[in-house]
Structure formats: C-alpha cells, structure tokens
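Asker: Below you'll find the structure I mean.
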Amino acid sequence: MKPEIVEKRPMNVVEVKEALKKIKKRDEELNFRASRTEEYVNAVAKLKLKEARELVKKLEKLDIPRLKPEYIHKIVDTLPQNEKHLKMILQGYALSVSGENQKKIFAVLKEYL
C-alpha cells in the first residue's frame with residue numbers, strides 16, 4: 001500500500017506531537033522515524049496544543065504582509081525570547097518585516113513566554 005498525500009499544510013512541533021499521539025494510538029506503535037520524531041518533539045515543544053493554536057491565530061490576525069503560515073509556525077516553534085531573536089529567525093527567509101511589525105509580533109509572543 002502506497003501512502004497518499006491528502007493535504008499539505010505547515011505544522012508546528014506541538015501539532016506534530018499531537019498527530020504522532022493519534023498515530024500511536026491508532027497503530028499501537030510508531031516506526032523508527034516516527035519514534036525519533038516523537039523524542040524530538042517531546043524535547044522541544046514548549047507550549048500546549050491549545051496555546052500553540054491560539055498563538056497562530058493571533059499572529060495571523062496581525063495581517064502582516066508576506067508573513068506566510070510557514071513563517072508563523074516557525075515563530076511558534078522557536079518562541080523567540082526577544083525582538084533580536086525574532087529578527088534572526090525571520091532573516092532565515094526571503095522576507096522583510098518592518099520594525100513596527102516585528103514589535104507587533106513580539107507583543108503577541110510576550111503573552112506566551
């Protein structure tokens with residue numbers, strides 16, 4: 001049986017953690033790669049699922065130009081501790097976000113730090 005891609009969308013590590021839980025419950029065990037992924041997400045996931053989804057929605061509501069969902073999920077994954085760290089994360093993409101918009105993003109992030 002060949003797996004079929006049903007949907008492609010960005011996920012943050014908290015959502016990956018939840019998806020792996022569902023797969024583990026359904027299949028009663030995980031394959032090697034999924035087990036390694038589970039170890040990783042358990043180590044790095046900083047938020048609960050509800051908090052991560054809330055944060056994604058709040059960041060989307062800021063309606064910042066060119067801030068794609070994959071960038072938002074990377075911000076949620078890394079939870080930058082200050083504006084300098086946020087700027088470093090965003091520099092990893094072909095994206096320019098104004099200083100004013102970075103401040104808006106960080107103001108929302110402060111609630112979850």
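Asker: If you take the residues of segment 69-113 that are of a type in the set (S, T, Y) and either without any contact (Cβ under 8 Å) to a residue 60 or more places away in the chain or in a helix (DSSP H, G or I) (or both), which of them is surrounded by the most Cβ atoms within 10 Å (Cβ to Cβ)?
Answerer: Y71
Asker: Out of L20, L49, which single residue is within 17 Å of the chain's Cα centre (by Cα) and either under 25 Å from G99 (Cα atoms) or buried (at least 17 other Cβ atoms within 10 Å of the Cβ) (or both)?
Answerer: So the residue among L20, L49 that is within 17 Å of the chain's Cα centre (by Cα) and either under 25 Å from G99 (Cα atoms) or buried (at least 17 other Cβ atoms within 10 Å of the Cβ) (or both) is L20.
Asker: Further question on the same structure: Looking at K68, K84 in this structure, which one is within 28 Å of N42 (Cα to Cα) and in contact with a Leu (Cβ under 9 Å, 6 or more places away or on another chain)?
Answerer: The conditions single out K68.
Laboratory data are not the source of any read-out in this text; all were calculated from the coordinates shown. If you're wondering where the values come from, they're calculated on a predicted model, not measured in any experiment. Backbone-built Cβ (ideal geometry, glycine too); neighbour counts: all protein chains shown.
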